[in-house]
Amino acid sequence: MNLHEYQGKDILASFGVAIQRGIVASTADEAVAAAKTLTEDTGTSWHVIKAQIHAGGRGKGGGVKVAKSLEELRTVANQIIGMQLITPQTPPEGKKVNKVLIAEDVYYPGESELKEFYVSVLLNRNSGKNMIMYSTEGGMDIETVAENTPHLIFTEEIDPAFGLLPFQARNIAFNLGLNGAAFKGMTKFITSLYKAYVGADASLFEINPVLKTSDDKIIAVDAKVTLDENALFRHKDYEILRDLAEENPVEVEAREVGLNYVDLDGNVGCMVNGAGLAMATMDLIKQSGGSPANFLDVGGTADAARVEAAFRLILKDPAVEAILVNIFGGIVRCDRVAQGIVDAYKNMGDTIKVPIIVRLQGTNADIAKKLIDDSGLNVLSAIAFEEAARMVQEVI
């Protein structure tokens, strides 16, 4: 589950991570009021207006600006709130900005040099350990840094059994070239950041940039936070942070009816029971010359209502040219699934305008195939994987 910057910063702060302070606003009046409050609390005279959408690169699209007065802040807030913000990480049409974060100015002059770093915490799936990735090249796309200057990216792997050890935090601060108060501040920052990552059951914390201010403070200026949805039962206070307006509406609808659905960019819709079989089915489609339009796991039950809901979700994608249903009848009998497909097809009438290929294997597969073949509907039945692959090739 992705969070907005202001939500991620709130979680960071709750674990003792130093952040750039800010107040979220939905209107220009609220933005001005937030700026006045920040001035009273922090003494900042300039303010940063940041669009709150689930996408990076907001500054490149005009979604992050600095205001030197309340009049300028009101003008900028009016410009950003309600705009369709287009960044390298948004759909072509962009995303509508409903909220802005009014943040304090932390790039103030002083005796020490300002410096931006990149720090993220995530799981290294190859080693099965958590990993802190960091670089001296903060404020830039980490992909660009990795491509052009890979030697400037460092990693520190943490064994979950022991957690982050003090020498590892010091090693990170050392590799970032820090000393004195900034060195101590970074070791504390890294320790608190890792504590937040584990404590919040996150799958990603990306702070870009982490700023060393002119008075050697270490603070998170931005925060991209992704939480593990499988752990939300432990964090009811986090679950309410979900912004459905920022998520794919089809995936939201699928979640509401209890289906595991992920939207993809292909032309063949998939309806499968079991995540492993779903992945194999997607491979089958690619090998057949097509491209999967979705990942859809209907689970262990596949009655008419559930199948119909799945069909409707798949057909919301105008790029779908065919649908492949691949069901292994272990928990659920194949003939029951076949009857569910026939009933769902009839209920949907003329809604289904693309060919459907159904592969049913397992309990009562022969009965299921006869049900499909005798239905008189535009549904093709298959038993073997190879047969299903050939049918996909023929219809796309």
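A few remarks follow.
- In a reduced charge model with +1 at each Lys and Arg Cβ and -1 at each Asp and Glu Cβ, segment 30-143 shows a dipole moment near 540 debye about its Cα centre.
- Full-extension gain in nm, GLU256 to LYS316, via 0.36 nm per residue minus C-alpha separation: 20.0 nm
- Classification of segment 248-395 by its C-alpha gyration tensor yields a rounded form. The axis ratio a/c (a ≥ b ≥ c) stays under 1.5.
- Residues whose amide H falls under 5 Å from that of ALA202, counting only those 5 or more places apart or on a different chain, are ASP228, with hydrogens built in the peptide plane.
- In a DSSP loop and with at most 14 other Cβ atoms within 10 Å, the GluC sites (Glu not before Pro) in segment 201-275 are GLU247.
- For chymotrypsin sites (Phe, Trp or Tyr not before Pro), no site in segment 327-396 is both called loop by DSSP and has at most 11 other Cβ atoms within 10 Å.
- Sites MET83 and ILE383 - FRET efficiency at Förster radius 51 Å, r taken between beta-carbons, to 0.05: 0.40
- Farthest positive-ward along the chain dipole, Cα basis, beta-carbon charges - from LEU204, ILE86, ILE327: LEU204
- Segment 332-373: trypsin sites (Lys or Arg not before Pro) in DSSP loop, at most 14 other beta carbons within 10 Å: LYS353
- 12 Å beta-carbon shell around LEU211, net charge (K/R +1, D/E -1): -4
- The amide H of ASP222, built 1.01 Å from its N in the peptide plane, has ASN208 as neighbours under 5 Å, considering only residues 5 or more places off or on other chains.
- When +1 charges are put on Lys and Arg Cβ atoms and -1 charges on Asp and Glu Cβ atoms, the dipole computed for the chain relative to its Cα centre reaches about 360 debye.
- Once the Cα atoms are used to define both axes, helix 180-199 deviates from the longest principal axis of the chain by about 30 degrees.
- Computed from label points 7 Å out along Cα-Cβ, the spacing between ASN175 and GLU394 is 5.6 nm.
- To the nearest ten degrees, helix 334-348 and the longest principal axis of the Cα atoms of the chain are 80 degrees apart.
- Estimated FRET transfer efficiency (ASP215, LYS129; beta-carbon r; R0 35 Å; 0.05): 0.50
- Additional length obtainable on full extension of the chain from LEU122 to ASN148, 0.36 nm per residue less Cα span: 7.1 nm
- For the chain, the longest principal axis of the Cα atoms and the long axis of helix 166-175 meet at an angle of about 80 degrees.
- Computed over neighbours whose Cβ is under 15 Å from that of VAL97, the net charge equals +2, Lys and Arg +1, Asp and Glu -1.
- When the listed pairs LYS9/LYS129; LYS50/LYS99; LYS224/LYS316; LYS129/LYS188 are checked against a 18 Å cut-off, the alpha-carbon distance exceeds it for LYS9/LYS129; LYS224/LYS316; LYS129/LYS188.
- For semi-axes √(5λ) of the Cα gyration tensor in Å, the value calculated from this model appears in [x] 28, 26, 22; [y] 49, 25, 17; [z] 35, 25, 22 under label [y].
- Charge sum, other residues only, whose C-beta stays under 13 Å from ASN175's C-beta, Lys/Arg counted +1 and Asp/Glu -1: -1
Every number here is computed from the coordinates shown, using simple stated rules; none is lab data. Keep in mind the model is a prediction, meaning the values are calculated, not measured. Because the Cβ atoms are built from the backbone with ideal geometry, glycine has one as well, and the counts that use them run over all protein chains shown.
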